[in-house]
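Accompanying notes for the structure given below.
Values quoted throughout were computed directly from the atomic coordinates according to the rules given, and no laboratory measurement underlies them. As the structure is a prediction and not an experimental result, all values here were calculated from the model. A quick note on method: Cβ atoms are made from the backbone with ideal geometry, for glycine too, and the neighbour counts reach across all protein chains shown.
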Amino acid sequence: VSIQPAPILIIEDADADYEALARAFASADPHQSLVRELSAEAGLARLEASCYARAVMPAFALVDLNLPGRSGLNFVTQLKNDPRFRSLPLIVLTSSTNPRDAVASYRAGANAFMTKPFELNEFVTAISTLHAFWTAVVQLPPENVFFDPPDSLDVMT
Amino acid sequence: MSISLIVDGDLWGMISCHHYEGPRLVSYQARVAAEFVGIVCSMQIAAKTAQADSEYRHRLDQVQGRLLERLSTSETVAAGLRDGGVDVLELCNAAGAAIAIAHEFHLIGQTPEAADVQRLIRCLQERQTSDVFVADHLCAEYPEFSDITHCASGVIAVPFSRHQGNFIIWFRPEELQTIQWGDHHTPTTIHSLLQNAESTPLAPLTPQTSFVEWAETVHGHSARWRAPEIGAATSLKSSIGNLLLLRAEQLARANADLTRANEELDAFAYIASHDLKEPLRGIHTYTTIVIEDYSDVLDEQATQRLESVLRLSRRMGSLVDSLLDYAQVGRNALNLAEVQLADVLEEAVDQMQVRITEAGAEIRCRAELPLITADRDRVREVLLNLVSNAIKYNTAEQPTVEVGITTISETRRGANVVRRSIGSEREPAVIFVRDNGTRIEDDYQEEIFRVFRRLERNDTSQTGTGVGLTICRRIVERHGGVIWCESSLGEGSTFYFTLEAQ
């Protein structure tokens, strides 16, 4: 019996980039489901709804820095300060190569910072590696951590 | 009997009356009358001197007014003074003047050699005061200047305390003076005179001739500076002081404006290139997808055209990246630290090892590279750019790049490009990157530092975007250095840049 893998939340407004991502994930794992939102606000609303309904939570989320409205950095900061979503791995995916953006992202609590490669085949390779890492190499938190979060942000013992 | 002439509390002169036939009593009335004559004389002298001075002062005021008017419109204060040289001299009735203000140095009229003037400035600087220096016998105070008395016996020096070593100096030449020492007659000398008079009784002895014996030729003196002249120098000091202050403020404001404009431009370049990148990646991605997904319906020519779209968008991508890099040099503050240049070179060479091996190039560094104060990452970028250019554009069978250190005097153009400020003794470190490749024509040696300026055709595969050298120049200039290129037939090209050595 194969279990449906948890979806991956992608917050990306540029269609070309989303299409590249979709192709990359499809080639990494044809069964991988993706959930796309066009803005940080919409992404947050979706997470809150899933949490409220105790519905399926994403395995991890990819967020673009340059978004209409609230920025990707703002999204990261907000999630990492929210006890419900703090343990959701967030990967910043951006066209920026500026070290300052990387520093700001990690400071805000991003779990990874990645620059989108210009070439599609490089993009596909990078995403396959990323997918393998977050789904097969590391262990992700159990889903109930989102529904019954600890009261404070203190480290759990 | 003598009558003192006192002007402004000083003994100005004496009227002395002699009587050689023996003591003679002058009546009380005559003494009172003589004293009265003395007082009237003194007052007349004071009044006449004051009037003459006041007329002179008025004339000098007009000269100063003219000069200040010129300064208000001149490009720099020093240039204005130079152009108004005649007025500068007239202001103190001097034969020559030297102007050293804000790294400008001008000599007007009859002055010592520039080197001697610099020597004098250093001496005056050691006095550590902002007072006006006045001397009509310079070598009495500074014996080391006895060799320039012919043009600088008299000196008025006005320092500007805001800036070290900023001076206006007026010079007067030596004037051989015959001074009559009227007050040197002592009883013994009078006595000897009397004896002479006895031996030649026909020569009548008068007070006037009695003084000739003490006349003396004095060397190393100039004509005395008059009070209005010293006053004019002092008043010019405060006027120019204010003017310099005003100019400094204007300059600071203009600089601030420029800095802001530059920052805005950098921010604009950064955002623009960032925003350009996004749609460009879209074009690139979709083109790739079309080629991949529709290969069965595309004919060969269509595929070729699409490949061209890919190549062009790639090229545009790297141009935008370069623009981003360039903008970032200006945006980020320098992270200054003491850096061993040799280590930085090693890092740079490591970073491009693949390219070096591919080209079969040899990187040499025989000299001992200095310790410098710089932003390590930025300096590595400079070396990386210069060394990789030296390989990239090298057509020699065995490309060789030499990195080393030299001095300004050993370069051809260094003395012209490196502007050293007056008084800065230390020479910066001059680092060079020399290749055995093609010669860069003289006309292009400046051109190549301009943004997006390249000497080869745009579409050839292995070349860069033409921003590397512009970035190098910007980095070096942000460190306060200069970068330039020298190249002559048959010896490849050499790039020099300066950095402050430790």
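Computed values, structure above
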| read-out | value |
| --- | --- |
| Residues B:Lys48, A:Lys80, sorted so that the one with the fewest Cβ neighbours within 10 Å comes first | B:Lys48, A:Lys80 |
| Most to least packed among A:39-46, B:310-317 [average Cβ atoms within 10 Å] | A:39-46, B:310-317 |
| Approximate spin-label separation B:Asn416-B:Ala252, in nm, with each point projected 7 Å along Cα-to-Cβ | 3.6 |
| Proximal lysines relative to B:Lys277, as straight alpha-carbon distance under 25 Å, when same-chain residues fewer than 8 apart are discounted | A:Lys116 |
| Packing rank of A:19-28, B:247-256, B:438-447, where each peptide gets the mean count of other beta carbons within 10 Å, highest leading | A:19-28, B:438-447, B:247-256 |
| Potential lengthening between B:Arg70 and B:Thr395 on full extension [0.36 nm per residue; Cα-Cα distance subtracted] | 111.2 nm |
| Proximal aspartates and glutamates relative to B:Lys237, as straight alpha-carbon distance under 13 Å, when same-chain residues fewer than 8 apart are discounted | B:Asp131, B:Glu229 |
| In nm, spacing of pseudo-spin labels at B:Ser239 and B:Asp131 (7 Å Cα→C-beta vector) | 2.4 |
| Convex hull volume of chain B per residue (C-alpha atoms, cubic angstrom) | 225 |
| Shielding score for B:277-289, defined as the mean number of other chain Cβ atoms within 10 Å | 6 |
| 0 to 90° range, to nearest 10: angle between helix B:114-125 axis and chain B longest Cα axis | 80 |
| Whether the protein assembly as shown is rounded, prolate or oblate, judged on the alpha carbon gyration tensor where a/c under 1.5 counts as rounded | prolate |
| Difference of contour (0.36 nm per residue) and Cα-Cα distance, B:His18 to B:Leu298 | 87.7 nm |
| Residue mean of other protein chain beta carbons inside 10 Å, B:248-254 | 0 |
| Choice from A:Phe133, A:Phe85, A:Phe123 with maximal GNM fluctuation in chain A (Cα, 10 Å cutoff) | A:Phe133 |
| Helix axis angle, B:300-331 relative to chain B longest principal axis, alpha carbon, degrees | 30 |
| Inter-chain shielding of A:118-128 (mean C-beta neighbours from other protein chains, 10 Å cut-off) | 3 |
| Selected from A:His31, B:Ser295, B:Asn242, residue furthest toward positive end of dipole (the protein assembly as shown; charges at beta carbon) | B:Asn242 |
| Estimated 222 nm signal from helices in chain B, with DSSP H stretches of n ≥ 4 weighted -39500 (n - 2.57), rounded to 500 | -16500 deg cm²/dmol |
| Expected-Rg normalisation [2.2 N^0.38 Å, Cα atoms] applied to the range A:11-157 | 1.02 |
| FRET efficiency for B:Glu346 and A:His31, using Cβ-Cβ distance with R0 set to 51 Å, rounded to 0.05 | 0.55 |
| Given charges at beta-carbon only (K, R positive; D, E negative), |dipole| of the protein assembly as shown in Debye | 900 |
| Distance in nm between pseudo-label sites at A:Arg70 and B:Ala227 (7 Å out along the Cβ direction from Cα) | 8.2 |
| Within the range B:232-325, chymotrypsin sites (Phe, Trp or Tyr not before Pro) in DSSP loop having at most 14 other beta-carbon neighbours inside 10 Å | B:Tyr294 |
